[in-house]
Every structure is written in C-alpha cells, then in structure tokens.
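One structure is given here, and the rest of the page talks about it.
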Amino acid sequence: MESIRKIYRKGYGPSSSHTMAPHAAVLQFKEKNPNAVSFRVTLYGSLAATGRGHRTDKALQDGAAPIPVEIVWRPDKVLPFHTNGMYFEALNADGNTIDDWTIYSVGGGALANETMHEADEQVYSMSTLAEILPYIEREGLTYWEYVEQCEGEGIWEYLQDMWQVMQKTINEGLQAEGVIPGGLHLRSKARQYYVRASSYKPSLQSRALVIAYALATSERNAVGSYIVTAPTCGSSGVLPAVLYHLKKSHDFTDTEILRAMATAALFANVIKNNASLSGAEVGCQGEVGSACVMAAVAANQLFGGSPQQIEYAAEMAMEHNLGLTCDPMCGLVQIPCIERNAMAALRALDINIYAMMSDGKHIISFDKVVRTMKRTGHDLPSLYKETSMGGLAVDDI
C-alpha cells in the first residue's frame, strides 16, 4: 500500500475527485506542454454529470490559467478504467492537437490510468488486516507504531501539519454565516448549532458540539475553502469533528491525536487498496463510510482500545454504512453530504462505545466487510454513484 500521506491531502473543496484531482491533472499537463496555445478537456461519466456543481470547470480553468480551456461534457459516456475519466488535448494556434492524455480521478484526489498510478511507490508490504493484525500482535506493536515503522519518523511532522489545518478549518467554520453558494439556498448552521449547544445539559451538549464541529468543516468544504481530505473532501468533516471534540472534552494531547490519525489513515488505506474511496465508483459508503471507520478507530485508540477492539470498531463502522448511495442534489456537496458528515461523526462515537464494551471478538472481519462494500458498490446502479440522476438528487419521487 502507498503512504498514508495520500489519505490526508490539503486543498480547496468541495470535492477531492472533482476539483482537487482535475486541478492537479491540468497542472501536470500544462507543465508537459509549455507551448500549447489552448487546452481542450473532455470530461466523462460522473465528472461530467456533476462537474458543474462540483466546480470542476473552475478547477481546470484556474489550473490552466492563463491558457484558455475548452471543456466538453460527456456524462453519457463512461470510459472502461473508471467513471471519472478526463481526456486532455493540447492545441496549437491552428487548433490542431499536439499532445493528448487520458487520466482518471480515482478518489481522494488521486490520479491513475492504465500506465500510471500514484500508488506505484509501495510503503506497506501488508495490505489487509488479516496480515497486519497478527504481525503487530506478534511484534508487540500498536497500529500507529506499525505506521511509523513503515513511514519513518517524518510522518509525524506531516500529520501535525494536517491536524493544524483541520483545527483551523473548524474554527473558521464555527464563525461563518450566510448562504452557501450553489443555488440550494442552504444556510451555514455550524455557528448556531455551536451557540445552542452551550445551553444544553452536558450529556446532550457533548453530542451537539460534535454536530457543530462536523458541520463547520463540511460547510467550509462546500464553499470551496481550504480543507484536509479524510479521506475525501465530501467526507472531510467526520474525523476532524471527533478528534477536535475529544481533544476539547478529554484533554488528549496532540501527540495522542496524531497517533490516532495514523491509525485512522492505515484503515482508510486498507479500504483504498482493497475497495475504493470514490463515491463515483462505490457510492457514499466509500466516502462517508470510510470516514466513519477512520473516526471510530481513532476514538477507540484514544480511549485505550486493544488492536482487536479497534479492528472491531472499524468493521462495525463500515458494516453499518453498507449501501450508502451518493446522490447529491444539483451535483453539489451539500445535500445530503453536510448533514451526513455530522451523523457519521456521532455514529463513530457510538461505535467506539460498543467496541470498548466488547472483548474485541466478532464474526465478520474488517477485511470481509471491505470486500462486501466493494461488491455492493459495483452492484449499485450508476444513478446512485455521484451522477445526480437518482435518489435524493431528482425531484420526481
């Protein structure tokens, strides 16, 4: 498996697959073709179906500037490798193609095609919990120590940077007010939820604050602010909300938080390697479902869960998100995405409690539920995989 640095990426929302990855792709193509007079980019499948709502066109234009970009939208055609296909053409003054490139946004901001994949540099020799768990038990390691063993000590500086951005985004979100752009006339709610939480009794206040923190990041993502994928933009509110809340309410140190982030990313990496983090490929179970896994295992580790209990928390978090569809209204990362982040954060904390009360023994393994998620995602009709052509995204139901 590749480095967990690919799980946490800084960038501008609202979508890691629809804005971050296309922006990175056009920068690469622009650097390769310095003599191009203009570019033409054909978007296929999900990228074309919801690209306008996700601001894919703006991401491409900003990355190519000052070179103009013509964008061709082909939602009716899906290329074989992945639904998020992009075909780049560099044009000369006569409008002739001097170079071309087909590349795919495969989730979490990653790019890949038949000959190139960001995961070419393997950092982890083991890619399933069936391999990792016996190894760390035999060696007397924790999950985060295994991450350090594979990544090196430099990973902690990287995670510290990600954590600082996560906290900054939450603080900004708690101050933001007004209507979120996009046409749904959805107002920011994080601040009012945060204020209202102060009047609740402690038991309810705790959960209300988690909701406010999740909304804060998700709303910042929706307006295109600077956020950290965890593991995607659309699911970026879940893990930071849980970590921020636990730091505030239980005085966990930054060192403990970073170690929890390392474990969380390790589990997301297993999902990415054996299934997918892409809503366009497997539905929202790959995005919010994976984020719920990350938050559940992070919380469980912080509260002293054993390796078996942490694995159980991960299994439950994915099991109870199986079949979650990706059907955003108007192609925007707003409804149901923002609210869904808050609910997943609460679910992750409940799962942590359930796992802590157990002895860690259970029947369904995390690896099996990941394989099931992949199969479920492939069985979902394309209408429910980030095309905005079914479910909540249509108004005739």
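The values are calculated or read from the model by the stated rules, or taken from the named source; none is laboratory data. Computed from a prediction, not measured in an experiment: that's the story for all the values here. Glycine gets a Cβ as well: all are built from the backbone with ideal geometry, and neighbour counts include every protein chain shown. Calculation scope for accessible area: heavy atoms of the full protein, side chains included, ligands and nucleic acids excluded. Shrake-Rupley method; radii C 1.70, N 1.55, O 1.52, S 1.80 Å.
Measure nothing fancy, just the Cα-based angle from helix 45-54's long axis to the longest principal axis of the chain, in degrees from 0 to 90, nearest 10.
That helix lies at roughly 80 degrees to the long axis.
Once fully extended, how much extra length lies between residue 379 and residue 98, figured as 0.36 nm per residue of separation less the alpha-carbon to alpha-carbon distance?
Details: separation 281, 0.36 × 281 = 101.16 nm, distance 3.95 nm.
This chain segment gains 97.2 nm when fully extended.
Carbon and sulfur together cover what percent of the accessible area of the chain at a 1.4 Å probe radius?
On the way: 8160 of 16080 Å².
On the chain, the fraction of accessible area on carbon and sulfur atoms equals 51 percent.
Whole Å is fine, so just give me how far the alpha carbon centre of the stretch 172-189 lies from that of the stretch 71-111.
Here the answer is 32 Å between Cα centres.
Per residue, how much accessible area does the stretch 209-304 show when a 1.4 Å probe rolls over the protein heavy atoms, in square angstrom?
Details: 1730 Å² over 96 residues.
Per residue, the stretch 209-304 has an accessible area of 18 Å².
Using the Cα centre of the stretch 1-117 as the reference point, and only Cβ charges (+1 on K/R, -1 on D/E), how large is the resulting charge dipole? Debye, rounded to the nearest 20.
That gives the stretch 1-117 a dipole magnitude of about 520 debye.
From Cα pairs below 8 angstrom and at least 6 apart in sequence, can you work out the relative contact order of the stretch 283-397, rounded to a whole percent? Show your work: numbers first, answer last.
Values: 171 pairs, mean separation 45.4, N = 115.
Relative CO of the stretch 283-397 lands at 40 percent.
Does anyone have the angle between helix 154-175 and the longest principal axis of the chain? Alpha-carbon axes, 0 to 90°, nearest 10?
Its long axis makes an angle of about 80 degrees.
Please work through the chain and write down the cysteines that have no neighbouring cysteine Cβ at a distance under 4.7 Å.
Within the chain, the cysteines lacking a partner Cβ under 4.7 Å are 150, 233, 292, 330, 337.
Say the dipole of the chain comes from +1 at the beta carbon of Lys and Arg and -1 at that of Asp and Glu; which of 210, 91, 3 then lies farthest toward its positive end?
Result: 210.
If we count GluC sites (Glu not before Pro) as exposed when they sit in a DSSP loop and have at most 14 other beta carbons within 10 Å, what is the longest stretch of the chain that avoids them all? Each step should come with its number before you reach the end.
Details: sites that count: 114, 121, 153, 177.
The reported range is 178-397.
Kindly identify the stretch 221-308 as rounded, prolate or oblate by the Cα gyration tensor criterion: order the square roots of the eigenvalues as a ≥ b ≥ c, call it rounded if a/c is under 1.5, otherwise compare a/b with b/c, prolate if a/b is larger, else oblate. Mind dumping the intermediate values first?
Values: a/c = 2.46, a/b = 1.35, b/c = 1.83.
Here the stretch 221-308 falls in the oblate category.
Run lengths n ≥ 4 of DSSP H only: what is the helix-derived mean residue ellipticity at 222 nm for the chain, with -39500 (n - 2.57) per run over all residues, to the nearest 500? Mind dumping the intermediate values first?
On the way: 15 runs with 203 residues, N = 397.
Mean residue ellipticity, 222 nm, calculated: -16500 deg cm²/dmol.
Please tell me the relative contact order of the chain in percent, rounded to the nearest whole number, where contacts are Cα pairs under 8 Å and at least six residues apart. Spell out each step's value before the answer.
Details: 828 pairs, mean separation 74.9, N = 397.
Relative contact order for the chain comes out at 19 percent.
Among 53, 14, 174, flag the residue with its Cα farthest along the positive direction of the charge dipole of the chain, charges on Cβ as +1 for Lys/Arg and -1 for Asp/Glu.
The residue sitting most towards the positive pole is 174.
In the chain, if the dipole is taken from +1 on Lys/Arg beta carbons and -1 on Asp/Glu beta carbons about the Cα centre, which of 308, 242, 64 is farthest to the positive end?
The residue sitting farthest along the positive end of the dipole is 242.
For residue 291, what charge total do you get from the other residues with a beta carbon under 13 Å from its beta carbon, if Lys and Arg give +1 and Asp and Glu give -1?
Here the charged neighbours net out to +2.
Could you tell me the distance between the Cα centroids of the stretch 313-368 and the stretch 266-311, to the nearest Å?
Computed from Cα coordinates, the inter-centre distance equals 8 Å.
Between residue 185 and residue 74, 0.36 nm times their residue separation minus their Cα-Cα distance comes to what? Please report the intermediate quantities before stating the final value.
Details: separation 111, 0.36 × 111 = 39.96 nm, distance 2.77 nm.
So the chain would gain 37.2 nm between residue 185 and residue 74.
Taking the Cα centre of the chain as origin, work out the dipole magnitude from +1 charges on Lys and Arg Cβ and -1 charges on Asp and Glu Cβ, in debye rounded to 20.
Details: 33 positive and 43 negative charges, 246 e Å.
So the magnitude is around 1180 debye.
Please compute the net charge surrounding residue 387, taking Lys and Arg as +1 and Asp and Glu as -1 over other residues with Cβ under 11 Å from its Cβ.
On the way: positive: 385; negative: 76, 327, 386.
Residues close to residue 387 contribute a combined charge of -2.
Using only the alpha-carbon atoms of the chain, report the extent along each of the three principal axes, biggest first, to the nearest angstrom.
68, 49, 41
Could you tell me how many degrees, from 0 to 90 and to the nearest 10, lie between the Cα long axis of helix 337-357 and the main elongation axis, the longest principal axis, of the Cα atoms of the chain?
Helix 337-357 and the main axis of the chain meet at about 30 degrees.
With +1 assigned to the C-beta of every Lys and Arg and -1 to the C-beta of every Asp and Glu, and no other charges, what is the dipole magnitude of the stretch 238-311 about the Cα centre in debye, to the nearest 20? All intermediate terms of the calculation are to be shown ahead of the outcome.
On the way: 4 positive and 6 negative charges, 13 e Å.
Around 60 debye, computed over the stretch 238-311.
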